[in-house]
Amino acid sequence: MANEPLVLVVDDEMGILRLITLELTAQGFRVITASTGEQALTIAETQRPDIVLLDIVMPEMNGYE
């Protein structure tokens, strides 16, 4: 099922990641997650998501960085 858009969801709160992942998966998206900005950058480089859903208020590296 590689034709579905790939979404990278980035948030430091696990509950929010789970909720968004469940909803996006139910809507037919493929979802990968990251809980830090550094992890998100690595995943984005290797997985090349179609879109990134990004929390901008995170510790260490915020969404603007």
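None of the figures in this text is laboratory data; all of them are computed from the coordinates on show. Please read these numbers as outputs of a predicted model, since none were measured by experiment. No Cβ is skipped: glycine too gets one built from the backbone with ideal geometry, and neighbour counts run over all protein chains shown.
Residue-wise HN-Hα couplings along the range 5-12, as the Karplus relation 6.51 cos²θ - 1.76 cosθ + 1.60 with θ = phi - 60° gives them from phi, are x, 9, 10, 9, 9, 10, 7, 8 Hz; Gly and Pro carry x.
With contacts taken as Cα pairs under 8 Å and at least 6 residues apart, the chain reaches a relative contact order of 41 percent.
Could the peptides 33-41, 10-18 be put in order, highest first, of the mean number of other beta-carbon atoms found within 10 Å of their residues? Could you put the intermediate results ahead of the total?
Numbers: 33-41: 17.6, 10-18: 15.1.
Highest mean packing first, the order is 33-41, 10-18.
Only helices enter this figure: runs of n ≥ 4 DSSP H residues, each worth -39500 (n - 2.57), summed and divided by the residues of the chain, yield -11500 deg cm²/dmol at 222 nm to the nearest 500. Here's the picture: charge each Lys and Arg Cβ at +1 and each Asp and Glu Cβ at -1 in the range 16-65, and of Ala40, Leu19, Leu53 the one pushed furthest to the positive end of that dipole is Leu19.
With both residues required to sit in the chain, DSSP beta bridges show an antiparallel share near 0%.
Only the Cβ atoms of Lys and Arg (+1) and of Asp and Glu (-1) were treated as charged; on that basis the dipole of the chain about its Cα centre amounts to roughly 300 debye.
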